[in-house]
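**Q** Input: one structure, supplied below.
Values in this text are rule-based calculations from the coordinates and carry no lab data. The shown structure was predicted, so the numbers you read here are calculated from the model rather than taken from an experiment. FYI the Cβ positions are ideal-geometry reconstructions off the backbone, even for glycines, and counts take in every protein chain you see.
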Amino acid sequence: MIVRQVCLILLFSAANVVAALRTFPEHNFSVELPAEWTDVTPGRPEAVLASHSPDSERAFVVIGVKLPKERGTAAADVRTGARDRMSHEGWVLDPDQSMTINGQPFISFVARNQSGATIATYNTAAGDEVYMLQAVERLGGGPDPELGSIVQSFRFLSPVKTQPLNIRSNSVGYLIGYHLGPYLFAILGVILWLVFRSKSKGKAA
C-alpha cells in the first residue's frame, strides 16, 4: 500500500513538471512550456506568445516579425531599437553575447531595472522573419533554470536560412524594436498585478 502511494505521488509530481510542446506553424517554430503556465493575451500583433508561471514571478514572450525586404538588417535593427528604448526607460543593459540554440545563432542581452526585475532577450533572424525571445523575472536573482530550459527548447519546424545578425540600417526594423519596449513593460506590469492580487487573496483568506 505504501509503495503504491509513493508511486502515485511520483507520477503526480512528474505530471506537474511535464512540458507542453507549443507549435506555431505560421512562424515556423515550436517551444516547450511547463504545462501549468498560463498564457497572457498578447497586446501587440508581433507578440506570438506570452505566458507566465503559476506564481507570476516569471514570464516568457516570443515576438515574430516578417520583414522580407530587410532580411540582411532586420535582426540588428530590431535588437538595437529594443536596446535603445529600454535604455531610455532607465533599464541597465549588459553587452550583447553570441550564443547558439539548437544550431541557430542568437545574440542575447540582459536588462535590469531598479526594482530587481530582469529581461533576458534573445534575437535571431531566419528566412524572412526576425525573432525575439524574452525571459522575464520579476526578481532576477540569477539565471532561472526553468526559463533557461524554455529558451533552449526553441527550435524551427523546418530548415531555414540564417540571416545576418549584426548589420544595421536604421530601417523599419529599428522602429519596431524601439516600439516593442512598452509591450515588454506592459507584460511585466501584468505579472506584478497578478502577484499583488494573489497576495491580497492570501491575506484575506
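**Q** Within the range 124-162, which chymotrypsin sites (Phe, Trp or Tyr not before Pro) sit in a loop by DSSP and count at most 15 neighbouring Cβ atoms inside 10 Å? If you can, show how the numbers build up before the last one.
**A** Numbers: sites: 131, 154, 156; in loops: 154.
Counting only loop positions with at most 15 other Cβ atoms within 10 Å, none of the chymotrypsin sites (Phe, Trp or Tyr not before Pro) in the range 124-162 qualifies.
**Q** Is any residue of the range 56-97 close enough, with backbone N under 16 Å, to a label point placed 7 angstrom from the Cα of residue 167 along the Cα-Cβ axis, and if so, which?
**A** Zone members listed by number: 67-79.
**Q** Count charges around residue 160 for me, please; just the other residues with Cβ under 13 Å from its Cβ, Lys/Arg as +1, Asp/Glu as -1.
**A** Values: positive: 66, 71, 155, 161; negative: 128, 129.
Value of the local net charge: +2.
**Q** A follow-up question, please. Add +1 for every Lys or Arg and -1 for every Asp or Glu among the other residues with Cβ under 12 Å from the Cβ of residue 46, and state the total.
**A** Residues near residue 46 contribute +1 overall.
**Q** Same structure, new question: Taking R0 as 45 Å, what's the FRET efficiency between residue 89 and residue 19 from their Cβ-Cβ distance, rounded to 0.05?
**A** Working from the Cβ atoms, E equals 0.90.
**Q** Given the C-alpha atoms of the range 38-166, compute the convex hull and give its volume per residue in Å³.
**A** 114
**Q** Follow-up. Where does the charge balance sit around residue 126 when Lys and Arg score +1, Asp and Glu -1, over other residues with C-beta under 12 Å from its C-beta? List each step's numbers first, then the result.
**A** Working: positive: 66, 71, 155, 161; negative: 128, 129.
Local charge sum for residue 126: +2.
**Q** A further question follows. Given a Förster radius of 25 Å and the C-beta distance between residue 55 and residue 32 as r, what FRET efficiency does 1/(1 + (r/R0)^6) yield to the nearest 0.05?
**A** For residue 55 and residue 32, the calculated efficiency is 0.85.
**Q** Between residue 41 and residue 153, what FRET efficiency comes out of the Förster formula 1/(1 + (r/R0)^6) with R0 = 25 Å and r the beta carbon distance, rounded to 0.05?
**A** 0.65
**Q** Taking the mean number of other Cβ atoms within 10 Å as a proxy for protection, how do you rank 110-123, 18-31 from highest to lowest?
**A** Working: 110-123: 18.9, 18-31: 14.6.
The peptides rank, most packed first, as 110-123, 18-31.
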